[in-house]
Amino acid sequence: MSEEITVERQTIRDQARAALGNRNLIFVGLMGAGKSVIGRLVAQTLGIPFIDTDAEIESVSRMTIAELFSQYGETEFRALETRVVERLLKHGPRVVSTGGGAFINEATRAQIKQGGLSIWLNADLDTLWDRVNRRDHRPLLKTENPRQTLENLMIQRYPIYAEADLTVMSVNIRKELMANEVLQAIAGLAQEGDTE
Ligand SMILES: Nc1ncnc2c1ncn2[C@@H]1O[C@H](COP(=O)(O)OP(=O)(O)OP(=O)(O)O)[C@@H](O)[C@H]1O
Ligand SMILES: O=C(O)C1=C[C@@H](O)[C@@H](O)[C@H](O)C1
Ligand SMILES: [Mg+2]
C-alpha cells in the first residue's frame, strides 16, 4: 500500500474514533450483510472491544441459535436477545454486531437507539443470497424457498433498518475496504457536526 493511502486511512480511522467518542457502534442488517465480519474488523481498526450478540447468546445459553429456536421458539430467543443487547450496551465504547432480527424487535431497537450509534449494512438480494446459501445454520431460512424467504424479510425489514443512524452499502469488495467505508461514514458525522 502506498504511503499516501496508509496516511489517509489512519486519518479516517482517527476521525472516526474521535466522532464515536465513548459511544457504542452497533451493526444492524439482514443475515449475510457482514455485520459480524466487518464489525470485528472495524473494532480492531478502532482499537476497541468487539462483541457479537449471536455469539454471546450462544455462550450464555450454551446452545446454538438453531437449538434455541427449535427448543424454545423464536419468542424466547428474542427475549434473551433483548436482555443480552441491554447488558452489552451498558458500557462503551464497543463495537456490537447484532443478529439480523435484533433491530426489528421493538424493545431491542429502543435499546440500540439509545445505546449508541447504529449502522445498517444494506445489501441487495443477490449479494445476501450468495453469502447465506453457502451455509444452512440459519433457522429462519430453513424453508422450502429460502431465497424467497430472504426477499420477504428484506421487504418487511428494510424500512425499519433504515431508521439506523448511518447506512453503508455492503458490497463484495475486500473486507478492509468495506471497513474503511464504515469508518468514513462515522468520520463524516464529525464533519457534519462542524458545519452546525
Ligand atoms: N464485503 C464482503 N465481501 C465478501 N464477502 C463478505 C463481505 N462481508 C461479509 N462477507 C461474507 O458473508 C458471509 C456472512 O457475513 P457475516 O457472518 O458477517 O454476516 P452477518 O451480517 O453477521 O449475518 P447474520 O445476521 O446471519 O449473523 C461471511 O461468509 C462473510 O465472510
Ligand atoms: O434475521 C434474524 O432474525 C436472525 C439472524 C441471525 O443473526 C440470528 O440472530 C437468528 O438466526 C435470527
Ligand atoms: Mg452475524
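Can you tell me which residue within the range 22-58, out of those that are among the small types (G, A, S) and free of Cβ contacts under 8 Å to residues at least 40 places away in the same chain, is farthest from ligand 3 (Cβ to nearest atom)? I'd like the intermediate steps shown before the answer.
We begin by selecting, within the range 22-58, every residue among the small types (G, A, S); these are 29, 32-34, 36, 39, 43, 47, 55.
Filter again for free of Cβ contacts under 8 Å to residues at least 40 places away in the same chain, leaving 47, 55.
Numbers: G47: 21, A55: 8 Å.
Among those that are among the small types (G, A, S) and free of Cβ contacts under 8 Å to residues at least 40 places away in the same chain, it is G47.
State which residue is nearest to ligand 2 (Cβ to nearest atom) when the search covers only the range 97-140 and only residues that are assigned to a loop (DSSP other than H, G, I, E, B) and touching a residue at least 60 places away in the same chain (Cβ under 8 Å).
Our first condition is that a residue be assigned to a loop (DSSP other than H, G, I, E, B); within the range 97-140, this holds for 98-101, 105, 123-124, 133-138.
Those still in the list that are touching a residue at least 60 places away in the same chain (Cβ under 8 Å) too: 98, 100, 123, 137-138.
On the way: T98: 7, G100: 2, A123: 13, H137: 8, R138: 5 Å.
The selected residue is G100.
To keep it simple, each residue is scored yes or no on (1) outside any helix (DSSP H, G or I); (2) farther than 15 Å from K175 by Cβ; (3) modelled with pLDDT of 95 or more.
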{"position": "T6", "(1), (2), (3)": "no, yes, no"}
{"position": "Q10", "(1), (2), (3)": "no, yes, no"}
{"position": "A16", "(1), (2), (3)": "no, yes, yes"}
{"position": "I26", "(1), (2), (3)": "yes, yes, yes"}
{"position": "A33", "(1), (2), (3)": "yes, no, yes"}
{"position": "L41", "(1), (2), (3)": "no, no, yes"}
{"position": "T45", "(1), (2), (3)": "no, no, yes"}
{"position": "A55", "(1), (2), (3)": "no, yes, yes"}
{"position": "E58", "(1), (2), (3)": "no, yes, yes"}
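Would you confirm whether any residue within the range 115-128 is hydroxyl-bearing (S, T, Y), in contact with a strand residue (DSSP E or B) (Cβ under 7 Å, 6 or more places away or on another chain) and surrounded by 19 or more Cβ atoms within 10 Å (Cβ to Cβ)? Talk me through it step by step, then tell me what you get.
Kept after step one, since they are hydroxyl-bearing (S, T, Y), are these residues of the range 115-128: 118, 127.
Then drop every residue that is not in contact with a strand residue (DSSP E or B) (Cβ under 7 Å, 6 or more places away or on another chain), which leaves 118.
Still in the list and also surrounded by 19 or more Cβ atoms within 10 Å (Cβ to Cβ): 118.
Within the range 115-128 (the criterion being hydroxyl-bearing (S, T, Y), in contact with a strand residue (DSSP E or B) (Cβ under 7 Å, 6 or more places away or on another chain) and surrounded by 19 or more Cβ atoms within 10 Å (Cβ to Cβ)), the answer is yes, since at least one residue qualifies.
Hey, does the range 147-160 have a residue that's in a loop (DSSP other than H, G, I, E, B), among the charged types (D, E, K, R) and over 17 Å from the mean Cα position of the chain (by Cα)? Steps first, answer last, please.
Residues of the range 147-160 that are in a loop (DSSP other than H, G, I, E, B), as a first pass: none.
Checking the range 147-160: not a single residue is in a loop (DSSP other than H, G, I, E, B), among the charged types (D, E, K, R) and over 17 Å from the mean Cα position of the chain (by Cα).
Quick one: in the range 152-179, which of the residues that are within 16 Å of ligand 3 (Cβ to nearest atom) and of a type in the set (S, T, Y) is surrounded by the most Cβ atoms within 10 Å (Cβ to Cβ)?
Checked the range 152-179; the qualifying residue surrounded by the most Cβ atoms within 10 Å (Cβ to Cβ) is S170.
All but one of (1) crowded, with 18+ Cβ neighbours inside 10 Å; (2) over 18 Å from R109 (Cβ atoms) hold for I57, so report the exception by its number.
Evaluating I57 over (1) crowded, with 18+ Cβ neighbours inside 10 Å; (2) over 18 Å from R109 (Cβ atoms) leaves (2) as the failure.
Quickly run through the range 66-90 and pick out the residues that are farther than 15 Å from K142 by Cα and of a type in the set (D, E, K, R).
E76, R78, E81, R83, E86, R87, K90
Quick one: is E67 within 12 Å of ligand 2 (Cβ to nearest atom) and exposed (fewer than 14 other Cβ atoms within 10 Å of the Cβ)? First the steps, then the outcome.
On the way: within 12 Å of ligand 2 (Cβ to nearest atom): yes; exposed (fewer than 14 other Cβ atoms within 10 Å of the Cβ): yes.
Yes: the conditions hold for E67.
Given the conditions (1) in contact with a helix residue (DSSP H, G or I) (Cβ under 9 Å, 6 or more places away or on another chain); (2) touching a residue at least 24 places away in the same chain (Cβ under 8 Å); (3) away from ligand 1 (no atom under 14 Å from the Cβ); (4) not β-branched (V, I, T), and given that S61 satisfies all but one, which numbered condition is not satisfied?
(2)
The values are calculated or read from the model by the stated rules, or taken from the named source; none is laboratory data. Fair warning: this is a prediction, and the values are worked out from it, not measured in the lab. All Cβ positions, glycine included, derive from the backbone under ideal geometry; neighbour counts span all protein chains shown.
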